Amino acid sequence: MTSEDPVAHSPSRYFQVLGGLWTVYGLFRLVMVVCLLMYGATATLMFGALLNRVADPFTLMDIFHFLYAVLIALSLVCGLLGLVAGLALLGGHRSGRNLALIASVLSLCDIPLGITLGIYTLVKLLPIRSAHVYERSGQTA
């Protein structure tokens, strides 16, 4: 790493900030899972009320239940992974970086918080070191 690389100066500062943000985001997603489970019947009734004039409402209701279950599972995985990644980053563990990268990719579908935190994490934890890539070929970037 060169001295002008911003990650080389103080990586622990980024890890502390990201750890706090991922912990809060993980808790937020777990609260979202609880809300999705509590209001599942209401969401089903609301979606079912839209199926008055559809040729095959039962198939659409089955698709709705499947997508709702996928949303709950994705929220649970993102919440747990975000919470564990945040605590690992705050604790200074090596696995925190990898967990945060996985959590950032999975949370990109959550607008606006997930995509904002996911992109920020990818930018801070995946620096492009072009000099290292071109070092063997004799070319410099």
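For the reader, a short list of remarks on this structure follows.
- Segment 83-99, residues that are closer than 17 Å to LEU126 by Cα, more than 12 Å from the chain's Cα centre (by Cα) and in a helix (DSSP H, G or I): LEU89, SER95, GLY96, ARG97, ASN98
Per-residue answers, yes or no, for (1) in a helix (DSSP H, G or I); (2) within 16 Å of LEU99 (Cα to Cα); (3) at pLDDT 95 or above:
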position	(1), (2), (3)
ARG13	yes, no, no
LEU30	yes, no, yes
THR59	yes, no, no
PHE66	yes, no, yes
ALA69	yes, no, yes
VAL77	yes, yes, yes
LEU81	yes, yes, yes
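- Restricting segment 109-118 to residues that are among the aliphatic types (A, V, I, L, M) and free of Cβ contacts under 8 Å to residues at least 24 places away in the same chain, the residue that is surrounded by the fewest Cβ atoms within 10 Å (Cβ to Cβ): ILE111
- Contacts under 6 angstrom Cβ, first residue in segment 90-108 being surrounded by 20 or more Cβ atoms within 10 Å (Cβ to Cβ), partner at pLDDT 90 or above and of a type in the set (S, T, N, Q), 6 or more apart: ALA100/THR121; SER104/THR121
- Qualifying residue in segment 119-139 (condition: surrounded by 12 or more Cβ atoms within 10 Å (Cβ to Cβ), among the small types (Gly, Ala, Ser) and modelled with pLDDT of 90 or more): no
The values are calculated or read from the model by the stated rules, or taken from the named source; none is laboratory data. Because the structure is a prediction, the values reported are computed rather than measured. We place every Cβ from the backbone using ideal geometry, glycine too, and count neighbours over all the protein chains shown.
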